[in-house]
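Comments concern the structure below.
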Amino acid sequence: MKRLVSMVYMVMSLGMFMIPYEATAFNSMDVQKLKTTNQCPNCDLSGASLRETNLSGANLTMANLSGANLSKSYMSGAKLNGATWTDGSKCQEGSVGQCIK
């Protein structure tokens with residue numbers, strides 16, 4: 001019985017490393033920079049929660065926003081040229097306030 005419990009524990013422990021998960025990769029310093037300066041070109045914001053954040057006029061040129069939560073965010077005038085959008089697609093040149101794909 002003890003051996004069975006040990007075997008189950010080992011399988012469960014190894015299984016945790018084999019289960020795919022979506023890791024948040026955002027750089028917390030980039031998030032802070034965006035929130036304090038409204039400027040974050042080339043930043044890694046992937047997986048960050050920017051929910052209900054005022055991003056009006058923000059410079060997010062070439063920023064990685066994949067997996068970021070932007071629900072209820074205000075993005076009027078935000079520069080999104082070349083940014084990686086929440087779904088992984090690239091925003092085209094001229095993307096201001098919304099991602100043009």
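At a glance:
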quantity	calculated
Long-range neighbours under 7 Å by Cβ, at least six apart or interchain, first residue in contact (Cβ under 8 Å) with a residue 12 or more places away in the chain and on the phi > 0 side of the Ramachandran plot within segment 55-80, second surrounded by 15 or more Cβ atoms within 10 Å (Cβ to Cβ) and assigned to a strand (DSSP E or B)	G77/V96
Verdict on S95 being modelled with pLDDT of 95 or more and either touching a helix residue (DSSP H, G or I) at 6+ places or on another chain (Cβ under 8 Å) or crowded, with 16+ Cβ neighbours inside 10 Å (or both)	yes
Qualifying positions in segment 32-69 - over 15 Å from V96 (Cα atoms) and among the hydrophobic types (A, V, I, L, M, F, W, C)	L34, C43, L45, A48, L50, A68
Residue within segment 22-34 that is modelled with pLDDT of 95 or more, surrounded by 15 or more Cβ atoms within 10 Å (Cβ to Cβ), touching a Gly at 6+ places or on another chain (Cβ under 9 Å) and not aromatic (F, W, Y) present	no
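The values are calculated or read from the model by the stated rules, or taken from the named source; none is laboratory data. Keep in mind it's a predicted model, so treat the numbers as computed, not measured. All Cβ positions, even for glycine, are placed from backbone atoms using ideal geometry, and neighbour counts span all protein chains on display.
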